[in-house]
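Novice: Let me give you the structure first, and then I'll get to my questions.
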Amino acid sequence: MKRIFLYGFLLACTAAAYAQNAPYKPATVRAPAQYLSTDAYAVEDTCPGHNILKQFSCTKNEPPGFKCFDVYMVEGDPVDSQRYTLLQETLAEQNVSAQPPCSFDSLTCADFLHALRYNLAFSWYIDNYPSSSFPECGETYSCTRLSCFRPLPDAPDGSPRSQKLTCVFKKNQIFFLGAQVTCKDKNTR
C-alpha cells in the first residue's frame, strides 16, 4: 500500500513539475459577443492586426492575461433599424388614383420602412427593380424599390391626383459583432 501511495505521490509531483515547465499554450477566452453596427467605420478592433473581417485568436506572441476588444464581421440580418440603407427618396404628384395607398402618417421612407416592420418582401408595394444608376445595387443585387400613393384633392377637371412616395433601399447583409478577449495559458488551471 505504501508503494502505491509513493508511486502516486511521485506521479503527482512529476505532473506538477511538468506543468510549471511546460511551454506556453495560448487559449482564447471570449466574453459574450455584442452587436455593434453595419458600418465598418463605426467599429474599432483593438486586437493585434486590427482585422475586423475575422475573429482574433491568441498566439504565443500575446502573453497570458493579454486583453483586447475583438471586432469581426458576420453575414446575415442586422437589427431591424440597420437592416436597410436608403439610397433614394422621391415624392412627386401624379394624375393617378392612390393605389397602393400609403398607410402611415408622414410621407417619408423612414416611416414607410417602419410601417412595413422592416420587411420589404411585401409585394403590394414593390415597384420595378432599381436601375443600374445605383452602383450599390449592381454589387449586391439586394436592392428594392417601393412605391405608395396618398390622394390629393381632385384636380379641377375631376381627374384623380395623388402624391407618389418612392424609396430605394439596399439590404445590409453584413454586420459587426464585438467581444472582450483574454489570452490564457492552457497549462494553468
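The values are calculated or read from the model by the stated rules, or taken from the named source; none is laboratory data. Only a predicted model underlies this, so the values are computations on that prediction, with no experimental measurement involved. Positions of Cβ are generated from backbone atoms using ideal geometry, with glycine treated the same way; all protein chains shown enter the neighbour counts. With ligands, DNA and RNA removed, areas are computed over all heavy atoms of the protein, side chains included. Shrake-Rupley method; radii C 1.70, N 1.55, O 1.52, S 1.80 Å.
Novice: What does the charge count around Thr182 come to, taking other residues whose C-beta lies under 9 Å from its C-beta (Lys +1, Arg +1, Asp -1, Glu -1)?
Specialist: Summing Lys and Arg as +1 and Asp and Glu as -1 gives +3.
Novice: Right, next: Tell me, what is the FRET efficiency for Asp105 and Lys67 to the nearest 0.05, using R0 = 45 angstrom and their Cβ-Cβ distance as r?
Specialist: Numbers: r = 48 Å, r/R0 = 1.07.
Plugging the Cβ-Cβ distance into 1/(1 + (r/R0)^6) gives 0.40.
Novice: Measuring from label point to label point, each 7 Å out along Cα→Cβ, what is the Thr182 to Leu152 span in nm?
Specialist: 6.5 nm
Novice: In nm, to one decimal, how far is the modelled label at Asn95 from the one at Tyr129, with both set 7 Å along Cα→Cβ?
Specialist: 3.3 nm
Novice: In the range 32-96, what percent of the accessible surface is made up of carbon and sulfur (1.4 Å probe, ligands and nucleic acids excluded)? Write out the running numbers ahead of the final one.
Specialist: Working: 2110 of 4300 Å².
Summing carbon and sulfur atoms, their accessible area is 49 percent of the total for the range 32-96.
Novice: Taking every Cα atom in the range 34-102, find the radius of gyration and the maximum pairwise distance Dmax, and write them in Å.
Specialist: Radius of gyration, then largest Cα-Cα span, for the range 34-102: 21.3, 71 Å.
Novice: Taking a probe of 1.4 angstrom, what is the accessible area of Arg145 in Å², to the nearest 10?
Specialist: Result for Arg145: roughly 40 Å² accessible.
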